[in-house]
Amino acid sequence: MTSTAAPPIPTAEPRPIAPEPAGRARRPRRRSPGFGILALLPFVLFGLVFAVYPLAQVIRMAFSDVAIRGGVFQWDAAGLENFAAVVEDPVALRSIGNTVLFVVLTVVVSLFVGLALALLVDRAVAMLPLARNVLIWPAVIAPVVVSLMWLLLLSPTAGGLNKLLLNLGLPTQGWLGDGPTAMAAVVIVDVWHWTPVVFLFLYTALQGVDASTLEAARVDGAGEWRVIRHVVLPALRPAVVAVVVVRVIMGVKAFDEMYLLTAGGPNFATTLVTQHIKTLFFDHLAFGEAAAFSLLVVVLTAGVVGMILFLRAKANR
Amino acid sequence: MSTTTAAGPDVRRNRFWVEATVVAVLVVAVVPIAWTLLLSFLPNRAIVSSQWQWPFWLGNYERVLRDGVFVAQIANSVAIVVGTVLICLVVGSLAGYAISRLRPPRWIVVPALIIAGFVPLIPPMTLVPGLYVLLAQLGVLGSVWGLILVNAFLQLPFAALLMSSYFSAVPEELREAGLMDGASEWRVFLHVMVPVVRPGLAAVGVFSGIMAWNEFQMGLTLTSGGATAPVTVGIAGLLQPFAVTWGELSAAGTLAAVPIILMAVFANRQIVAGLTSGAVKG
């Protein structure tokens, strides 16, 4: 990125006569770093105040016994007590398991659906402009509103889906009231909501696949599936890895959908880590344990993302 | 892109199925949205009835909008969107410009890049205990100001990285020429560079605005609810009581979703740039 070697633009101004070091002669005086620092400072300050400081507070809280007395936080050293509480908390462990399951299911399903959609829309002609516009709609709606929309379909009392089943003479289902179907419903909602992102990544990457390579493969008599498997998919691999990383992170962050659809229930079957942090902090007022658990989640997330990036770097070598 | 290698009845039949499947997919994408829109015009008894009845009714909107709290929440969300977009545009474009064009010293670039790369990885909920303490100390806990700052912080890494890629695409000669003419760095930035990257500013503005409008976790945890909360929290609040008013819920959801969908229709390109911005760093 050292593009300082831009061709010197001739100027009418006389060059400074003072002898300057050869390399610097071309650089005008304004290379002082002042403006660069000034321009970057607000961003760094935002990061320090809203990420580094809160993270430091979370770390401090994780090792403290914190209580609110008279509207003020009281901090007492607690050693590893909070971490012990997390390890002994069955819901905390369950929420990690749920999150892993949720992330794996949503990433895999949305990846396959998004890939199929990208290949499909790429082949469409008449519907292409409409599809490219409408397919991003789900991704821009607020997660809270998305779960509301699906609640209006899945609710046992007012839901459209049960009404449809009833009118068709079929037995109604308690979609969100039963552990496995509740998790399935939550996964379906997430896939509906975020597959557009996968689609966009892969569709954009598809446009970059060399058309003449495809043509050559087809002329050689390769069927459409063979072309997809041996030419298109390898070309899409970098985009697939990128979107998997993005989707894994989104999955770990997920909170809003569950909060409205199931509130983590029934019986903690859909309690994700984010939900549990919120419950610990705001409902149980177990500030220290909430902070310790947050810290654990950050470390686990960083580990998983780091592993994916490491595997990618290894595969690229 | 039409690869008519073996044009024949076979291909034409495939074409039909491709288009038909796309239509089916679009229906799946639209049904939950359309269903909510539909219910928002129905009275509750028609919604919970086991029969299909469609008496057109505007009462849901009337009730939701007559409720001062919901209107206050919409106003809060609008204020949060405006504040977040302004901060993202100013701070994000300055940071993006510095990273791509100014080569500031390492001691400030490295922390900036770590923040830009790390913040999007952390689940915001894990910062909530710390943010709660911070906003209390700043005296903005539970206020729109606090939520503007937190939302801006959450969107800034994306804004800075996207702006940096837009600034990188501007030829260096443009900047050099401005500086040669004797303009200060600040003037060159404002009068030469910023006008060139207007598409980037539009993308950052549209996308960070949508994200701020949609934000829920911070609104839920860093306000005390009611008239201090953003509209997403208000919608969630409508659901809590046991007597669920489905019609009003649909109306509130529609009011929150329709402006955003209209944005998606008319600012499609900017939103696509925002949604795929993860690819920049990936």
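Are any residues in the stretch A:116-143 basic (Lys, Arg) and over 16 Å from A:LEU233 (Cα atoms), and if so, which ones? If the condition is that a residue be basic (Lys, Arg) and over 16 Å from A:LEU233 (Cα atoms), then A:ARG132 is the only one that fits.
Please determine, by comparing only the residues of the stretch A:267-317 that are under 20 Å from A:GLU257 (Cβ atoms) and among the β-branched types (Val, Ile, Thr), which one is modelled with the lowest pLDDT. Only one residue fits best here, namely A:THR270.
Filtered by the rule that a residue be at the interface with chain A (Cβ under 7 Å from one of its Cβ atoms) and among the β-branched types (Val, Ile, Thr), the stretch B:77-98 gives a lone residue, B:VAL91.
Return a yes/no flag: does the stretch A:93-116 have any residue that is over 23 Å from the mean Cα position of the chain (by Cα) and more than 7 Å from chain B (Cβ to nearest Cβ).
Step one: list which residues in the stretch A:93-116 are over 23 Å from the mean Cα position of the chain (by Cα), which gives none.
Within the stretch A:93-116, none of the residues are over 23 Å from the mean Cα position of the chain (by Cα) and more than 7 Å from chain B (Cβ to nearest Cβ).
Listed residues B:ARG198, B:ARG175; which is more than 30 Å from B:PRO43 (Cα to Cα) and surrounded by 20 or more Cβ atoms within 10 Å (Cβ to Cβ)?
Only one candidate qualifies: B:ARG175.
Restricting attention to the stretch A:71-92, the residues being more than 13 Å from every other protein chain (Cβ to nearest Cβ) and free of Cβ contacts under 8 Å to residues at least 60 places away in the same chain number 8. Kindly check whether there is at least one residue in the stretch A:123-143 that is in contact (Cβ under 8 Å) with a residue 24 or more places away in the chain, surrounded by 15 or more Cβ atoms within 10 Å (Cβ to Cβ) and farther than 20 Å from A:VAL243 by Cα. Yes, there is a match, as at least one residue in the stretch A:123-143 is in contact (Cβ under 8 Å) with a residue 24 or more places away in the chain, surrounded by 15 or more Cβ atoms within 10 Å (Cβ to Cβ) and farther than 20 Å from A:VAL243 by Cα. Is it the case that B:ILE108 is within 11 Å of chain A (Cβ to nearest Cβ), of a type in the set (Val, Ile, Thr) and out of contact with any strand residue (DSSP E or B) (no Cβ under 6 Å at 6 or more places or on another chain)? Considered against the rule, which asks whether it is within 11 Å of chain A (Cβ to nearest Cβ), of a type in the set (Val, Ile, Thr) and out of contact with any strand residue (DSSP E or B) (no Cβ under 6 Å at 6 or more places or on another chain), B:ILE108 comes out as yes.
Would you please name the residue that is surrounded by the most Cβ atoms within 10 Å (Cβ to Cβ), looking only at residues in the stretch B:178-195 that are part of a helix (DSSP H, G or I) and among the charged types (D, E, K, R)?
Going through the stretch B:178-195, the residues part of a helix (DSSP H, G or I) turn out to be B:178-180, B:185-195.
Now narrow it down to the ones that are among the charged types (D, E, K, R): B:185, B:187.
Numbers: B:GLU185: 22, B:ARG187: 13.
Within the stretch B:178-195, the match that is surrounded by the most Cβ atoms within 10 Å (Cβ to Cβ) is B:GLU185.
Residues of the stretch A:53-86 that are within 26 Å of the chain's Cα centre (by Cα) and surrounded by fewer than 17 Cβ atoms within 10 Å (Cβ to Cβ): A:ALA56, A:ILE59.
Here are B:THR245, B:THR221: which of them is among the polar types (S, T, N, Q) and facing chain A (nearest Cβ under 8 Å)? Please lay out each step first, then the result.
Numbers: B:THR245 fails: facing chain A (nearest Cβ under 8 Å).
Criteria check complete, one pass: B:THR221.
The residues of the stretch A:129-151 that are more than 14 Å from B:VAL30 (Cβ to Cβ) and within 8 Å of chain B (Cβ to nearest Cβ), listed by number, are A:ARG132, A:ALA142, A:PRO143, A:VAL144, A:VAL145, A:LEU148, A:LEU151. Does the stretch B:217-230 contain at least one residue that is surrounded by fewer than 22 Cβ atoms within 10 Å (Cβ to Cβ), free of Cβ contacts under 8 Å to residues at least 60 places away in the same chain and farther than 30 Å from A:ILE37 by Cα? Yes, the stretch B:217-230 has at least one match.
Only one of the numbered conditions (1) surrounded by fewer than 20 Cβ atoms within 10 Å (Cβ to Cβ); (2) in contact with a Phe, Trp or Tyr (Cβ under 7 Å, 6 or more places away or on another chain) is violated by A:LEU280, and that is (1).
Just name the residue that is nearest to B:GLY205 (Cα to Cα) out of those in the stretch B:126-169 that are part of a loop (DSSP other than H, G, I, E, B) and free of Cβ contacts under 8 Å to residues at least 60 places away in the same chain. Break it down into steps so the answer makes sense when it comes.
First, the residues of the stretch B:126-169 that are part of a loop (DSSP other than H, G, I, E, B): B:139-143, B:169.
Those still in the list that are free of Cβ contacts under 8 Å to residues at least 60 places away in the same chain too: B:139-140, B:169.
Numbers: B:GLY139: 28, B:VAL140: 24, B:ALA169: 19 Å.
So the residue we want is B:ALA169.
Going by what's in this entry, would A:PRO171 be described as loosely packed, with under 13 Cβ neighbours inside 10 Å, at pLDDT below 80 and touching a helix residue (DSSP H, G or I) at 6+ places or on another chain (Cβ under 8 Å)?
Values: loosely packed, with under 13 Cβ neighbours inside 10 Å: yes; at pLDDT below 80: yes; touching a helix residue (DSSP H, G or I) at 6+ places or on another chain (Cβ under 8 Å): yes.
It is true that A:PRO171 is loosely packed, with under 13 Cβ neighbours inside 10 Å, at pLDDT below 80 and touching a helix residue (DSSP H, G or I) at 6+ places or on another chain (Cβ under 8 Å).
Residues in the stretch B:41-55 that are more than 16 Å from B:ALA251 (Cβ to Cβ) and in contact with a helix residue (DSSP H, G or I) (Cβ under 6 Å, 6 or more places away or on another chain): B:SER50, B:GLN53.
Of all residues in the stretch B:2-19, those satisfying the criterion of being modelled with pLDDT of 80 or more and at the interface with chain A (Cβ under 9 Å from one of its Cβ atoms) are B:ARG15, B:VAL18, B:GLU19. Scanning the stretch A:28-42 finds no residues that are more than 30 Å from B:VAL170 (Cβ to Cβ), modelled with pLDDT of 85 or more and part of a helix (DSSP H, G or I). Search the stretch A:156-167 for residues that are facing chain B (nearest Cβ under 9 Å) and surrounded by fewer than 14 Cβ atoms within 10 Å (Cβ to Cβ) and pair each with any residue that is in a helix (DSSP H, G or I) and modelled with pLDDT under 75 when their beta-carbon atoms are under 7 Å apart and the residues are at least 6 apart or on different chains. Close Cβ pairs (under 7 Å, with a partner that is in a helix (DSSP H, G or I) and modelled with pLDDT under 75) amount to A:THR157/B:VAL48.
The values are calculated or read from the model by the stated rules, or taken from the named source; none is laboratory data. Just so it is clear, the model here is predicted, and its values are computed rather than measured. For neighbour counting, all protein chains shown are included, and Cβ atoms are generated from backbone atoms with ideal geometry for every residue, glycine included.
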